[in-house]
Amino acid sequence: MADVLDRARSTAADEAALERLERSRRLSDGTIRRIRRVAAVVLPFVVWDLLAAVAASRLLPGPLAVAQTLGRLLTDGTIWFHAQLTFQRGLLGLTIAVVGGVTLGILLARVRWMDAALEPLVAATYPVPKLALYPLLILVLGFGAASKVAMVALECAYPIVLTVYAAVQSIDKHYFWLLRNVEARPRARFTVIARATTPAMVASLRMATPIMLVIMVVTEILGESRGLGYLIRRASTDFDPMTAMAVILLLAVIGFVLDRLIVLAANRTSRWAGEVRL
């Protein structure tokens, strides 16, 4: 009897030790992940600071000096008006791209004649640099906000259309066959498509957001008297790399925040969509 009790105690002790070891391993893995994330943010600034120190040139200011300049621009309100204008136009164009891209992607995947007629056109025009069309948009819509919004919508719509199209195409056809047999309501079909395309929509939105920032800045650099792109162009013309780098740093921070918000939305919808967290 004593031997049985000793073996039971030994087994319990071993299980407790294994549990402590597993808990310690999980904590260690979590610590390593946090260190990697912090290093991924800090390391580029360290390299930037070293390059600025080695170059010792006014054309390459260090991160601390750029951050101080950005703080001054934010404090005196110089940059707020331009940033608001840039993101109002950019987000409007991105919204148009999301609504139009998701709708067109679903229609191409579900309507055969539209797929046959338009899918080759979409595939053929996708590699074409859309910025090449910007002069034509200026001729039609002018130098104002309309041409910039249209440029953002056009450039961002393509990855959304193709991603949603592929997601709907990948849905098991047996689902739709079953829905037809049971004469399910249109709402049920919509739910199936929505569940299948939600991860694709979030992923395409994550791709389209930096595209939106790039297009807005480039179009404002090419011809505009307001916006963050205009500030970069003016600073470059005035040989003021500090201000130009400060605006670029602001764009990087805002882009990072938008990306984290999209990832948060993806993780919130992953359980409903049945997908793995990002």
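Here are some notes:
- Condition check for Ala2: at pLDDT below 60, among the small types (Gly, Ala, Ser) and surrounded by fewer than 10 Cβ atoms within 10 Å (Cβ to Cβ): yes
- Any hit, region 9-25, residues being in a helix (DSSP H, G or I), modelled with pLDDT of 80 or more and of a type outside the set (Asp, Glu): no
- Residue ID - nearest to Ile193 (Cα to Cα), chosen from residues in region 92-140 that are of a type in the set (D, E, K, R) and surrounded by 15 or more Cβ atoms within 10 Å (Cβ to Cβ): Arg110
- For the criterion of being of a type in the set (A, V, I, L, M) and modelled with pLDDT under 85, Ala235 fails.
- Evaluated against (1) modelled with pLDDT of 90 or more; (2) under 23 Å from Ile193 (Cα atoms), Lys148 falls short on exactly one condition, (2).
The values are calculated or read from the model by the stated rules, or taken from the named source; none is laboratory data. Since the model is a prediction, treat every value here as computed from it, not as a measurement. Neighbour counts run over all protein chains shown; Cβ positions are idealised from the backbone, glycine included.
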